[in-house]
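One structure is given below, encoded as C-alpha cells.
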Amino acid sequence: MFVGIAELARSGRILEEKARVDYRTLPTRKLLNRCATARMPFAWTINPYRGCEFACLYCYARYTHEFMELRAPEDFETKIFAKEWDEAAFRAELRRVKPGESIGLGTATDPYQPAERRFLMTRRVLEVFAGEQRRRLWITTKSDLVRRDAGLLREIGKANPVQVNLTITTLDAGLARKLEPLAPRPELRLAAVRELSADGIAVRVLANPVMPGLNDSRESLLAVARAAVEAGATAWGAAPVFLKPCARQVFLPFLEREFPDLVELYDAEIGRNGFVSWAYKARISRMAREIRREVGLPDKDVEYVPVVEEQMSLFGGATAA
Ligand code: SF4
C-alpha cells in the first residue's frame, strides 16, 4: 500500500521509455517550496523534476526517490518525473512570495536535464517569470541547454535580478565523464557561461563539490576559476563534497573500482555524517578565497549544503544539483 507521494508517483503516466530511462508525470500540488535554511541564499525553491538523468556519482538527492518507494540507487537517474504544469496554480503560488525574496530554481535536480527537452517545465516557469517584477531568481545547472533560454533570461533580467550558476567541477573531461557520466562536457558548460555572459546575464561558476584527491588540487580549482573568468563569469566558488548515505552507497563502490588508492583518504576525511572535517572545509575555503583573489573575482564563499526542509515536503523537490 502506497501513500502520499509514493501513491502519486504510481498514478503518473509513463510517457516514454528509452533504453535506460523512463519519463513519467507526477501530479503536483505545488511547485514552490519554502526554504527556511538561513545558510541558503534563497527563501523559496522550485524543482520541476524529480530524479536526475545526469547521474553524478556524488549526488546526495538520490534519497528523494525513497519517498516514492523507489529505493534502488539507480532509480533516481532512470525514473524521471516531470511535475504536472498548471500555470494558473503556479501564478497563485508566486503571489505568496514577497518582492525581493530569492527563489532557487534547480536546487535538488537539474532543471536543464534531458527531460527538459521534452517537457519544457523549466521553460514554462521562466515564461511566467518574464511577466514578473522584483523576483530574485537563482538558477543552478550543469547543462548547456540553459543557452536555449538566454533570450528569456535576458527578458526576465530587465525587471528581476537573475543569476545563473553553472557547475563545473573539473576541466578534465575524462574525470568529469567518470564523476558525472551523463552531464554535458565541461567545455560545453563553459560555452554556456560564455554565451550567457555575452548576453549580459550574471553567471557564477561553481566547482562544487570539491572531492578529496579528485578535484581538490589548487591547480585543478585554479584552472576552473581562470576558465570561468575568461568566459565572462562574474563569480566563482568551491565547497567540499557532502556524502549522505544515499550518495555513499554509489560513490564509495565507484571509488574502490576507479580510484582504490583514495579509499583510505575518504575514510579519514569524511565523517559518518557525510561531511568533510572542519580542517578540510577550512582548507578549501581558504584556497577558494586565494584563487578568487588571484583571478580578480569578488571574495565571497559559496556554501554547498543540503536543503533539508524539502526532505519533509511530500510534494516538493529535494537537494543537490
Ligand atoms: S548532482 Fe545535480 S546534476 Fe548531478 S545527478 Fe544530482 S541533481 Fe543531477
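Taken over region 261-299, the criterion of being exposed (fewer than 11 other Cβ atoms within 10 Å of the Cβ), among the basic types (Lys, Arg) and part of a helix (DSSP H, G or I) is satisfied by ARG286 alone.
What are the residues in region 209-232 that are open to solvent by 10 Å² or more (accessible area, probe 1.4 Å) and on the phi < 0 side of the Ramachandran plot, if any?
Let us first name the residues in region 209-232 that are open to solvent by 10 Å² or more (accessible area, probe 1.4 Å), namely 213-214, 216-220, 222-223, 226-227, 229-230, 232.
Within region 209-232, LEU214, ASP216, SER217, ARG218, GLU219, SER220, LEU222, ALA223, ARG226, ALA227, VAL229, GLU230 meet the criteria.
The set of residues in region 233-252 being open to solvent by 20 Å² or more (accessible area, probe 1.4 Å) and under 18 Å from PRO209 (Cβ atoms) consists of LYS244, PRO245, ARG248, GLN249, VAL250, LEU252. The one condition from (1) open to solvent by less than 10 Å² (accessible area, probe 1.4 Å); (2) on the phi < 0 side of the Ramachandran plot; (3) touching a residue at least 40 places away in the same chain (Cβ under 8 Å); (4) touching a strand residue (DSSP E or B) at 6+ places or on another chain (Cβ under 8 Å) that CYS52 does not meet is (1). Among the residues of region 179-193, those identified as surrounded by fewer than 18 Cβ atoms within 10 Å (Cβ to Cβ) and not in a helix (DSSP H, G or I) are PRO181, LEU182, ARG185.
Only one of the listed residues (ARG204, ARG177, ARG189) is of a type in the set (Lys, Arg), touching a strand residue (DSSP E or B) at 6+ places or on another chain (Cβ under 9 Å) and free of Cβ contacts under 8 Å to residues at least 60 places away in the same chain. That residue is ARG189.
Can you tell me which residue in region 17-46 is modelled with the lowest pLDDT, limited to those that are surrounded by 12 or more Cβ atoms within 10 Å (Cβ to Cβ) and among the charged types (D, E, K, R)? Here the residue is ARG29.
Taking the condition of being crowded, with 24+ Cβ neighbours inside 10 Å and within 16 Å of the ligand (Cβ to nearest atom), how many residues in region 194-205 meet it? Talk me through it step by step, then tell me what you get.
To start, the set of residues in region 194-205 that are crowded, with 24+ Cβ neighbours inside 10 Å comprises 196, 203, 205.
If we keep only those that are within 16 Å of the ligand (Cβ to nearest atom) too, we end up with 205.
The qualifying residues number 1.
Residues considered: ALA88, ALA72, ALA55. Of these, the only one that is more than 16 Å from the chain's Cα centre (by Cα) and at pLDDT 95 or above is ALA88. For region 108-126, a residue qualifies if it is open to solvent by less than 10 Å² (accessible area, probe 1.4 Å) and either touching an Asp or Glu at 6+ places or on another chain (Cβ under 6 Å) or not charged (D, E, K, R) (or both), and the qualifying residues are ALA108, THR109, PRO111, TYR112, GLN113, ALA115, MET121, THR122, VAL125, LEU126. The residues of region 132-173 that are open to solvent by 30 Å² or more (accessible area, probe 1.4 Å) and not in a helix (DSSP H, G or I), listed by number, are GLU132, GLN133, ARG134, ARG136, TRP138, LYS158, ALA159, PRO161, GLN163, LEU171, ASP172.
The set of residues from region 55-88 being more than 10 Å from the ligand (Cβ to nearest atom), open to solvent by less than 40 Å² (accessible area, probe 1.4 Å) and part of a helix (DSSP H, G or I) comprises TYR63, HIS65, MET68, ASP75, THR78.
Considered as a group, the residues in region 300-321 that are within 16 Å of the ligand (Cβ to nearest atom) and outside any loop (DSSP other than H, G, I, E, B) include one that is modelled with the highest pLDDT, and that residue is GLU310. Return yes when ALA176 is in contact with a Ser or Thr (Cβ under 7 Å, 6 or more places away or on another chain), assigned to a helix (DSSP H, G or I) and buried (at least 18 other Cβ atoms within 10 Å of the Cβ) and no when it is not. Criteria met by ALA176.
The values are calculated or read from the model by the stated rules, or taken from the named source; none is laboratory data. This one's a predicted model, so the numbers in the text were calculated from it and none came from an experiment. Note that each Cβ is placed from the backbone with ideal geometry, even for glycine, and that neighbours are counted across all protein chains shown. The accessibility values were calculated without ligands, DNA or RNA, using every heavy atom of the protein model including side chains. Shrake-Rupley method; radii C 1.70, N 1.55, O 1.52, S 1.80 Å.
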